[in-house]
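Engineer: Have a look at the structure that comes next, please.
Where a number appears in this text, it was derived from the coordinates with a stated rule and is not lab data. The model shown is predicted, which means the values in this text are computed figures rather than measured ones. Don't worry about glycine lacking a Cβ; one is built from the backbone with ideal geometry, like all the others, and counts go over all protein chains shown.
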Amino acid sequence: MSRATAEAPANIAFIKYWGAREGSRALPLNRSISMTLESCRSTTTVEVLGDGRRHEILYADGDGPFGAAAGRFAERIRGHLAELLGWTGEAGLGLRVATRNSFPAGAGLASSASGFAALTVATLAALGHRPLERISPGELSSLARRSGSGSAARSVIGGFVEWPAEGDESKGEGNGGGDGGDGNDGGGTDDPRAAQVAPAGHWELADVIAVVEEGPKRVSSLEGHRRATTSPHYARRLELLPERLAAVRRAIRERDLARLGPVLEAEAIELHLIAMSSRPPIFYWQPATLAVLAAVRELRAPGLGLDAWATMDAGANVHVICPFGQASEVAARLLRTAGVRRVLRDRVGTGPRMHGDPEGGGADA
Ligand code: PMV
């Protein structure tokens with residue numbers, strides 16, 4: 001096949017990846033666990049132009065028109081194409097890439113995760129590799145993160161996903177067997193590979209995203225990973241993580257939001273504590289971020305009693321995790337919070353799929 005279109009979702013981290021030994025290769029210093037989303041997606045078409053041709057890279061935001069991608073963004077895509085073409089042994093090939101996001105790019109909504117996951121799947125498909133059928137999820141996760149977007153390693157897999165740290169020999173409890181991979185999944189050493197903890201159908205969780213900032217963030221997560229270890233609180237974070245990881249795995253296994261929620265909030269606050277105490281410090285929050293955090297506590301107060309818990313990635317926007325059945329009410333109430341520009345409703349999803357695939361693809365088996 002010389003042309004293919006793939007869609008891949010963003011994900012929201014329950015346990016955050018924050019800190020990388022080598023940012024450009026996204027070798028994580030800690031394990032992370034995330035939930036793959038359904039509606040926040042990147043759609044990417046890749047066409048083979050031929051040997052010796054230059055890559056053409058086009059980008060569109062939302063329903064906007066396509067334009068030539070420029071600067072650092074285009075450079076990262078070229079870098080990723082070089083990695084993928086190196087892997088397939090077709091280094092001289094020129095490709096045309098056209099990618100579109102269904103949500104605001106670069107605002108802490110994991111656009112790089114969905115973008116690099118979709119780029120990986122579409123490129124490999126255009127080159128004839130049938131990635132969702134013939135490449136194991138672990139291998140696909142390794143390929144997706146090669147040019148620096150670590151969280152893309154989790155976006156190629158549906159449901160609830162765990163990604164080990166570099167040099168992490170031990171398989172996590174409940175990790176590694178879920179996706180029927182190649183036997184290396186989940187137990188990364190120098191090439192940490194993500195693995196499914198539970199499929200999307202296991203737990204009907206919604207993610208209601210309160211958007212308080214639409215533009216790109218001022219400091220990239222790549223730079224945040226680089227600075228993380230300069231925080232005096234970083235070493236303590238690594239000590240606390242094993243217990244938190246175990247609590248999140250257990251909460252997923254038992255579908256226990258009362259157990260998951262407090263860990264989610266502690267993790268999000270700690271990610272930002274590390275960022276704010278890095279040298280130089282990074283402030284992602286906006287005043288409206290705090291207003292949403294307060295509103296979420298109100299949602300849980302007696303009277304309303306909703307099961308809603310907040311988390312944030314590297315940005316000002318707040319993801320509110322709740323059961324499917326509560327998402328409409330949570331969304332309506334968040335919309336009334338000062339500073340919230342709009343609310344995106346998402347939910348746990350089944351992972352990437354090919355366009356034109358009657359079975360819908362998906363790495364959620
Ligand atoms: O994949 P990156 O380099 O954009 O880093 C993602 C970092 C966080 O979103 C803050 C946490 C995570 O695990 O997704």
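Engineer: Please turn the phi angles of the range 224-233 into ³J(HN,Hα) values with the Karplus equation 6.51 cos²θ - 1.76 cosθ + 1.60 (θ = phi - 60°), one per residue in order, whole Hz, x for glycine and proline.
Structural biologist: x, 4, 5, 7, 3, 6, 7, 6, x, 9
Engineer: Can you give the helix-only mean residue ellipticity at 222 nm for the chain, where every DSSP H stretch with n ≥ 4 adds -39500 (n - 2.57) and the sum goes over all residues, rounded to the nearest 500 deg cm²/dmol? Working shown, then result.
Structural biologist: Values: 10 runs with 121 residues, N = 365.
Taken over the chain, the calculation gives -10500 deg cm²/dmol.
Engineer: Highest mean first, what order results for 210-222, 132-144, 49-61 on Cβ atoms within 10 Å? Each step should come with its number before you reach the end.
Structural biologist: On the way: 210-222: 18.9, 132-144: 23.2, 49-61: 14.4.
Going from most to least packed, we get 132-144, 210-222, 49-61.
Engineer: 5 Å is the cut-off here: which amide hydrogens, built 1.01 Å from N in the peptide plane, fall below it relative to Leu95, excluding neighbours closer than 5 in sequence?
Structural biologist: Sorted by chain and number, the residues that satisfy this are Leu49, His55, Glu56.
Engineer: Still on this structure: Just order 6-14, 196-204 by mean Cβ neighbour count inside 10 Å, highest at the front, would you?
Structural biologist: Numbers: 6-14: 28.7, 196-204: 20.4.
Highest to lowest by the protection proxy: 6-14, 196-204.
Engineer: I would also like to ask the following. Rank the residues Trp285, Trp163, Trp309 as a footprinting-exposure proxy: fewest other Cβ atoms within 10 Å of their Cβ go first. Numbers along the way, then the final one.
Structural biologist: Numbers: Trp285 19, Trp163 31, Trp309 24.
Ascending number of Cβ neighbours within 10 Å: Trp285, Trp309, Trp163.
Engineer: Another question, then. How many nm separate the modelled label positions at Ala301 and Glu254, each set 7 Å beyond the Cα in the direction of the Cβ?
Structural biologist: Using points 7 Å along Cα→Cβ, the separation is 2.9 nm.
Engineer: With equal scatterers on the alpha carbons only and no solvent term, can you work out the Debye log10 of I(q)/I(0) for the range 245-365 at 0.22, 0.23 1/Å?
Structural biologist: The computed values of log10 I(q)/I(0) come out as -1.27, -1.32.
Engineer: For the chain, give the magnitude of the charge dipole about the Cα centre (Cβ charges: +1 Lys/Arg, -1 Asp/Glu; no others), in debye to the nearest 20. Kindly include the intermediate steps, with their values, before the conclusion.
Structural biologist: Numbers: 42 positive and 43 negative charges, 184 e Å.
It works out to roughly 880 debye.
Engineer: Going by amide H atoms built from the backbone, whose H comes under 5 Å of the H on Arg342, apart from near neighbours?
Structural biologist: Val211
Engineer: Hey, another quick one. Show me, for the range 47-52, the HN-Hα J-couplings you get by feeding each phi into the Karplus relation (A = 6.51, B = -1.76, C = 1.60, θ = phi - 60°), rounded to Hz, glycine and proline as x.
Structural biologist: The phi angles translate into 10, 7, 8, x, 5, x Hz.
Engineer: Scaled to the compact-protein estimate 2.2 N^0.38 Å, what is the alpha-carbon radius of gyration of the range 1-65, rounded to two decimal places? Write out the running numbers ahead of the final one.
Structural biologist: Details: Rg = 16.4 Å, N = 65, 2.2 N^0.38 = 10.7 Å.
Compactness ratio reported: 1.53.
Engineer: Sorting check: for 236-249, 340-353, 149-162, which peptide has the highest mean count of neighbouring beta carbons within 10 Å, and how do the rest follow? Let's see the in-between values first.
Structural biologist: Numbers: 236-249: 16.3, 340-353: 21.3, 149-162: 30.6.
In descending order of packing, they fall as 149-162, 340-353, 236-249.
Engineer: Residues with amide H under 5 Å of Ala165's amide H, sequence separation 5 or more or different chain, H placed in the peptide plane at 1.01 Å from N; which?
Structural biologist: Distant-sequence amide H within range of Ala165: Arg31.
Engineer: If I take every Cα pair under 8 Å that is 6 or more residues apart in the range 264-365, average their sequence separation and divide by the length, what percent do I get for the relative contact order?
Structural biologist: Values: 108 pairs, mean separation 21.4, N = 102.
Relative contact order here is 21 percent.
Engineer: For the chain, what's the relative contact order in percent, using C-alpha pairs closer than 8 Å and at least 6 residues apart?
Structural biologist: Numbers: 926 pairs, mean separation 83.6, N = 365.
About 23 percent, as a whole number.
Engineer: Please state the Cα pair-distance histogram of the chain with 10 angstrom bins from zero: what percent is in each bin?
Structural biologist: 6, 27, 36, 24, 7, 1, 0
Engineer: Apply the membrane-span-like helix rule to the chain: whole DSSP H runs, Cα extent along the own long axis of at least 27 Å, mean Kyte-Doolittle hydropathy at least -0.5. List the helices found. It would help to have the intermediate numbers written out before the result.
Structural biologist: Numbers: long enough: 234-254 (30 Å, -0.44); 257-276 (28 Å, 1.05).
Qualifying helices, which must be both long enough and hydrophobic enough, are 234-254, 257-276.
Engineer: When the chain is fully extended, how far beyond the present Cα-Cα distance does Arg54 get from Arg342, taking 0.36 nm per residue of separation?
Structural biologist: On the way: separation 288, 0.36 × 288 = 103.68 nm, distance 3.93 nm.
Computed gain between Arg54 and Arg342 is 99.8 nm.
Engineer: Please tell me the relative contact order of the range 1-134 in percent, rounded to the nearest whole number, where contacts are Cα pairs under 8 Å and at least six residues apart.
Structural biologist: Numbers: 268 pairs, mean separation 47.1, N = 134.
Worked out over the range 1-134, it gives 35 percent.
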